[in-house]
């Protein structure tokens, strides 16, 4: 039985429901879920991707904020191995799902396979909170195997941008510090209801293990990157004044008169690491 969903998507939730079967199939193919994978769908909406994920994986956790969608989703997928969680993904602790998974396996005396040790995230993220959600997922990268996310194309372009390009910025450096990021394919506005005013794209993110550029203090690194790109036209000497000295930059082979978009992900890690010892103290 299919539940009766609300007729109008909620603007405050940034809802644009995917309905194109061809796009859905491409997402399913990209995820390539197996029965022992622990899938988590972020924002199942009206269940378009949910149904196909259940077909391939057999079981699925889904985090949905909109309470009006919980009842129809429950009705539609009653009798399946869908576990619905009415929560805000921005504040939800994903590690709870792994704890629940381990408890269930302990009760069944079943060992955990290597592919079931972390979560595989799938979702059509709301445009209005996609960047905060990305940062939230990166904070929890230890418990994530990979992510297949539908986002505004502009956001995906920024995530995957290379140094020296116009769209390379804070999001590029942050995402690429912690993950490999790949744009899989572009999705036209007509694949959604209602149709957004922009194109979308599906991206695959895989957390680095280990990090190619280890960080002495991730919080300090985040502050350095944010400050460097806060005013893109400023030189590093000015944007990082009080955080990193010109002498520290030069010791790393970085020109203090350069701008943030010219630095690589590795150079930002080096900047943060070389200046982290000065946290809480006046930089000489």
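Being part of a helix (DSSP H, G or I) and crowded, with 17+ Cβ neighbours inside 10 Å is the filter; apply it to segment 113-128 and report the residue that is modelled with the lowest pLDDT.
116
Please find, within segment 176-218, the residue that is nearest to the chain's Cα centre (by Cα) out of those that are free of Cβ contacts under 8 Å to residues at least 12 places away in the same chain and not in a loop (DSSP other than H, G, I, E, B).
Across segment 176-218, the extreme among qualifying residues is 218.
In segment 156-171, what residues are without any contact (Cβ under 8 Å) to a residue 40 or more places away in the chain and part of a helix (DSSP H, G or I)?
158
Determine the pairs where a residue that is in the same structural domain as residue 225 (by TED's automatic domain parsing), located within segment 252-265, has a partner that is surrounded by fewer than 14 Cβ atoms within 10 Å (Cβ to Cβ) and part of a helix (DSSP H, G or I) with Cβ atoms under 7 Å apart, the partner being 6 or more residues away or on another chain.
256/250
Of (1) surrounded by 16 or more Cβ atoms within 10 Å (Cβ to Cβ); (2) more than 18 Å from residue 202 (Cβ to Cβ); (3) in contact with a helix residue (DSSP H, G or I) (Cβ under 9 Å, 6 or more places away or on another chain), residue 43 satisfies all except one. Which?
The one condition residue 43 does not meet is (2).
The values are calculated or read from the model by the stated rules, or taken from the named source; none is laboratory data. Just so you know, these numbers come straight off a predicted model, no measurement behind them. Don't worry about glycine lacking a Cβ; one is built from the backbone with ideal geometry, like all the others, and counts go over all protein chains shown.
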